[in-house]
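Trainee: One structure, as structure tokens, below. Some questions next.
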Amino acid sequence: MSEEKNQMSFLSHLEELRWHLVRSTAAIFIFGIILFVFKKEVYDGFLLAHLDTNFVTYQWFCQVFSSIGIDSDFCGVKFPQKLQSLSMTNQLMNAIWTSLILGLIISFPYILWEMWKFIAPGLHDSEIKKSKGFLFITSILFFTGVAFSFYVIVPMSVYFFYHFEITDTIQNNFTLSSYISMVTNTILGVSVVFELPVLIFFLTKLGLITPEFLKTYRKHALVVVLLLSAVITPPDVASQIIVSIPVLILYEVSIHVSRFVVKKQEQA
């Protein structure tokens, strides 16, 4: 009889999880449909905004670097080439897929909330109160990553790849798919990187990471961050530093988060 109850309990939890996933998926599709309806505004104002020579980041970088006496290629930036669509269905499929990706990004807080509602019944009252703050912090970190990638990393990458050439006999003619993939993958990737403190929190909870481990490998992390910055930014020191600083700050914050978790566990 107890096995039958356990099986019923498992099936009921599985059914509950299914509906949380269904509602999360529905949110992605609803936002995706709305974005698809306004696809021209989404592409011109967001996805292709970095091809505008008057984009705010290019103007700001030019002013900042000039004010401190550093020559920057961001002054007088130009994008002479246009994107190419090489198949009949390319623009349609790109618009559909991109709308779903952006729908996922916009609905991230709601998806997080749905997952929290599934886990909440198994938590204590004190844990539920703390987890509400966790939802807020996780969402803030995620959208901070979106903003940082949109205003810093993506414009740097677009400028670099548009102007990088091996010889004059090779012309850059980028496709719509490759450009949009670079933009969306960068935004999603950087947003996930900005969740580093949250990841460290859970890894410390599980006993897989300690503050001492993070401090020991701080120099190694610095080297990795600088290498990544060199790959995704134009080849000048100022750009690499701009990209590296937020990630290094997140790493230092993660050390304090890990130390806080260990201290709480020792007190318990």
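Trainee: Quick one: compute the contact order of region 2-194, relative version, from alpha carbon pairs under 8 angstrom and 6+ residues apart, as a percent.
Mentor: 31
Trainee: Still on this structure, please answer the following. What is the distance in Å between the Cα centroid of region 164-180 and that of region 76-114?
Mentor: Between the Cα centres of region 164-180 and region 76-114 lies a distance of 19 Å.
Trainee: Between I140 and L17, with labels modelled 7 Å along Cα→Cβ, what's the label distance in nm to one decimal, could you check?
Mentor: In this crude spin-label approximation the distance works out to 3.1 nm.
Trainee: Taking the Cα-to-Cβ direction at I119 and at M88 and moving 7 Å from each Cα, how far apart do the two end points lie in nm?
Mentor: 4.8
Trainee: Stretched out fully, how many nm does the piece from T169 to H220 gain, at 0.36 nm a residue minus the Cα gap?
Mentor: 14.4 nm
Trainee: Shape call for region 97-223 from the C-alpha gyration tensor, a ≥ b ≥ c root eigenvalues: rounded (a/c under 1.5), prolate (a/b greater than b/c) or oblate?
Mentor: The shape class here is oblate.
Trainee: Please report the net charge: other residues with Cβ closer than 13 Å to the Cβ of L176, K and R +1, D and E -1.
Mentor: With Lys, Arg at +1 and Asp, Glu at -1, the neighbours total +2.
Trainee: Pairs K117/K264; K117/K215; K40/K78; K219/K264; K39/K205: which are spaced more than 31 Å apart, C-alpha to C-alpha?
Mentor: Numbers: K117/K264 25 Å; K117/K215 35 Å; K40/K78 22 Å; K219/K264 27 Å; K39/K205 43 Å.
Listed pairs above 31 Å: K117/K215; K39/K205.
Read-outs throughout are calculated quantities, based only on the coordinates presented, and are distinct from any laboratory measurement. Source: prediction; values computed, not measured. Cβ coordinates were reconstructed from backbone atoms using ideal geometry, including for glycine residues, and neighbour counts include every protein chain displayed.
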